[in-house]
Structure formats: C-alpha cells, structure tokens
Amino acid sequence: MPFSLPATQPWDHVSRYAGISWLLAYSLFLLHALRDTSGFLFPDFVNLMIHEAGHLFFSWGGNTLMILGGTLGELLVPLLCGLYFYFHGQTYGFTFSAFWFFENFLYIGTYMKDARAGALPLINGDIGDWTILFGEWSLLPSDLKIGQFVRALGWLGMCATLAWLALRTYRDSLPTLRPFGVSNYPKGN
C-alpha cells in the first residue's frame, strides 16, 4: 500500500444528504454537550477506558509520564485514527476522529478544573491526576483557568471540524464544472 497525501489522493465524495445528516447528528451532540452540567458525556465512558489503559501503556516512563499517560492515551487514540483516515482521504472517518479528539478536551478540561476541589468521582485513588500534575508543576492555583482554556479548545475544535464537514458537503454538492467546449450531455443526444 503506497503512502500518499490527500493532495495526491482525493477525499471521498460527500453526498448532500449524508453530509447534512451527519452535520445534524453532530450538532445535536453539541447541543447535548452544551446543556450537560456534569461534564461527563456518554462518549466519555469509552474515553475513560482508554484513559485508564493510557496509564498502563505509559508506565514505562516513570511516575509523571504514567500519570499524564491517561490523558495522552485518550488524545492519541483518536489522533492516530484521524491520521489514518486523513492519509486515506476518508472524509467521514476523519471527521469522526477529529470530532472525537476535540470532544476529549471537554472532560479533560473539567478534570483539570477539579484539581483543587477534588469533587469528581475517581476510578482508583483519592487524588486526581491533574491534582498531582498541577501540584508538581506549581500550577495548582491556575487549575480553573487552565481547565476552562482546554474546554474552550475542545469547543473550537469540534466547531471547526463541523465547519470543515459543511464546506466539504457544500463543495461536493456543486455541479462538476467541465472544461470549455465539453458538453454536459452524453454523446448521442
């Protein structure tokens, strides 16, 4: 399988109806996320499993990397999926992966904002990852600002992903332009 960039390998076609349907589905999820006050959305059940596996996967790098590994894991998995779909020009897979990547920022930001309060339920242990990390890095007093910034990045990324899909849907629904002198009608008519 040769390696090629999307510039040399075109993106999959996005039909108008499929594109609009996916945009509607993603928009409904954004509305759900906007109305949710818990900070833990239904995809976060999957993200939590990946997060916990990330601790184990990055345990080879010492205590700090192991603690950070949960967050790294939940970002790396959708990033790697997105890169695969990007290099294969698969529009819907890339959109899903990019949206998933940025959706992770919502809960990561919520988790960061909870570093001092410690009110969120934890899977194992009494101290959250970001409480430990921000404490080591002398950033604990800034947990609310950092967490809100990360959440804002997530919202911007998800909206940018939908804007990209909307642009792809619009561009792919335009009639194909033919060179001058080439008829749009089949031969024989």
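Take Leu34 and tell me if it is within 18 Å of the chain's Cα centre (by Cα), touching a residue at least 60 places away in the same chain (Cβ under 8 Å) and closer than 30 Å to Leu140 by Cα. Don't jump to the end; show me each part of the working.
Values: within 18 Å of the chain's Cα centre (by Cα): yes; touching a residue at least 60 places away in the same chain (Cβ under 8 Å): no; closer than 30 Å to Leu140 by Cα: yes.
So Leu34 does not fit the description; no.
Out of everything in the range 127-159 that is surrounded by fewer than 20 Cβ atoms within 10 Å (Cβ to Cβ) and of a type in the set (Val, Ile, Thr), what residue ends up being nearest to Leu106 (Cα to Cα)?
Among those residues, the one meeting the criterion is Ile146.
When the residues of the range 93-123 are filtered to those that are outside any helix (DSSP H, G or I) and without any contact (Cβ under 8 Å) to a residue 60 or more places away in the chain, which remaining residue is surrounded by the fewest Cβ atoms within 10 Å (Cβ to Cβ)?
Here is the first cut: in the range 93-123, the ones outside any helix (DSSP H, G or I) are 114-123.
From what is left, the residues that are without any contact (Cβ under 8 Å) to a residue 60 or more places away in the chain are 114-119, 121-122.
Numbers: Asp114: 19, Ala115: 25, Arg116: 16, Ala117: 11, Gly118: 11, Ala119: 8, Pro121: 6, Leu122: 13.
Result: Pro121.
Could you check the range 12-51 and list, in sequence order, the residues that are small (Gly, Ala, Ser), in a helix (DSSP H, G or I) and over 22 Å from Leu153 (Cα atoms)? Can you show your working first?
So the first thing to find is which residues in the range 12-51 are small (Gly, Ala, Ser), and the list is 15, 18-19, 21, 25, 27, 33, 38-39.
In the following step, the residues that additionally are in a helix (DSSP H, G or I) were identified as 18-19, 21, 25, 27, 33.
Across the range 12-51, the qualifying residues are Ala18, Gly19, Ser21.
I need a count of the residues in the range 58-70 that are assigned to a helix (DSSP H, G or I) and crowded, with 17+ Cβ neighbours inside 10 Å. Break it down into steps so the answer makes sense when it comes.
Just the residues of the range 58-70 that are assigned to a helix (DSSP H, G or I), to begin with: 59-61, 63-70.
The next check asks that each one be crowded, with 17+ Cβ neighbours inside 10 Å; those that pass are 66-70.
Residues meeting the conditions: 5.
Select from the range 30-45 the residues that are out of contact with any helix residue (DSSP H, G or I) (no Cβ under 8 Å at 6 or more places or on another chain) and not basic (Lys, Arg) and write down the one among them that is farthest from Pro121 (Cα to Cα). Let's see the steps before the verdict.
Of the range 30-45, the ones out of contact with any helix residue (DSSP H, G or I) (no Cβ under 8 Å at 6 or more places or on another chain) are 31-32, 34-38, 42, 45.
Pick out the ones that are also not basic (Lys, Arg) and you get 31-32, 34, 36-38, 42, 45.
Numbers: Leu31: 25, His32: 22, Leu34: 21, Asp36: 17, Thr37: 15, Ser38: 11, Phe42: 16, Phe45: 13 Å.
Checked the range 30-45; the qualifying residue farthest from Pro121 (Cα to Cα) is Leu31.
Just need a number here: residues in the range 98-121 that are among the aliphatic types (A, V, I, L, M) and over 17 Å from Gly135 (Cα atoms). Give the derivation first.
The first filter runs over the range 98-121 and keeps only residues among the aliphatic types (A, V, I, L, M), leaving 98, 106, 108, 112, 115, 117, 119-120.
Checking which are over 17 Å from Gly135 (Cα atoms) leaves us with 98, 106, 120.
Residues meeting the conditions: 3.
Read-outs throughout are calculated quantities, based only on the coordinates presented, and are distinct from any laboratory measurement. Here the structure is a predicted model, which is why all the values come from computation and not from measurement. Neighbour counts are summed over all protein chains in view; Cβ atoms, including those assigned to glycine, are modelled from backbone coordinates with ideal geometry.
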